[in-house]
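Written out below as structure tokens is the structure these notes cover.
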Amino acid sequence: MSEPSTDPIAGGEENKRLLTLATNLSVSVALVLIVAKAYAWSLTDSVAILASLVDSLMDAGASLLNLFAVRYALAPADASHRWGHGKAEAIAGLGQGVFIFVSGLFLVSEATQRLLQPEPLAAFSIGVWVMVLTILLTAGLVAVQSYVIRRTRSPAIRADSLHYRTDLLTNAMVLLALVLAQFGWLGVDPLFALAVAAYTLKAAWDIVGDAVAELLDQELPEPRRQEIIDIASAHPRVLGVHDLRTRSAGRVDFIELHLELDDHMPLTVAHQVSDAVETSLIEAIPQADVMIHLDPVSLAEEQLDERIEVAESGAQDA
């Protein structure tokens, strides 16, 4: 049987607290960076800083979208949404991808124009200090988001963090572009802006792909599906597992499967077996929602005893 996952997953109020912290911090950082970059761009006229400013504007829009989506996704299941509201986070991720894609196209246009008509940069020191501040704030935000993702598995925070991770690289590129432009390499400024645009478009593609996969109920990865089958099959009274179906919605993995049990097994015992398998699955996959269907299978008594003896022996050896 596969080893159970050891990553601690936050639940209940702790989950809500971490998600609220991450979304609020993301919005706050984005707003601070917008003001700082707008000021730097107004003084330097650098298209690379403009690229970074547009990126922060998209960050703010995406983060605000996350703020509302996460709050909605945390609402408990109700009569109209029996599976919960988790897919709101995937919708937010899809919206982020669209925001990021539009910003990438805008940067391509602005950088191409500046490449054809280079202009010298002004207020070099202010531009440098603003970009250093940007890198430090972004790095701190990514560290907090990484912790929250490990604890909550939020796809909305994951999408937001992916974008800010790309920002770390792009902001470093902008800083280098400013330095090179100061030494007379004026063409580097728009070239770096184009590189930022290309990276932004790639990030948008990844975010949209992940969001669409969740919205279309894509199966969990094959290693995780095999882990589920191994755990369910490990119970000594389970004769087989079939019709496994899985999907994700927000932080919840939905698992549906059929267990094959001896057709002479009393209903109370069959229910105990089902509960034991469900407990094992939830221990290995926290936040899982498990639904099990029981199917009767004919098996000679000596065959069943042999299966139970082999399974129990294996458990003792382990």
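The figures follow:
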read-out	value
Built amide H within the under 5 Å cut-off of Val297, gap 5+	Leu261, Asp262, Asp263
Residue exposure sequence - Thr279, Thr246 - by fewest surrounding Cβ within 10 Å	Thr279, Thr246
Proxy reagent accessibility, fewest Cβ within 10 Å first, across Ser103, Ser274	Ser274, Ser103
Computed E for Leu267/Val32 - FRET, C-beta separation, R0 51 angstrom, nearest 0.05	0.25
Cβ-defined net charge surrounding Gly93, 12 Å radius [Lys, Arg +1; Asp, Glu -1]	-3
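Read-outs throughout are calculated quantities, based only on the coordinates presented, and are distinct from any laboratory measurement. Because the structure is predicted, anything quoted here is derived from the model rather than measured. Here the Cβ is made from the backbone with ideal geometry for all residues, glycine too, and neighbour counts use every protein chain on show.
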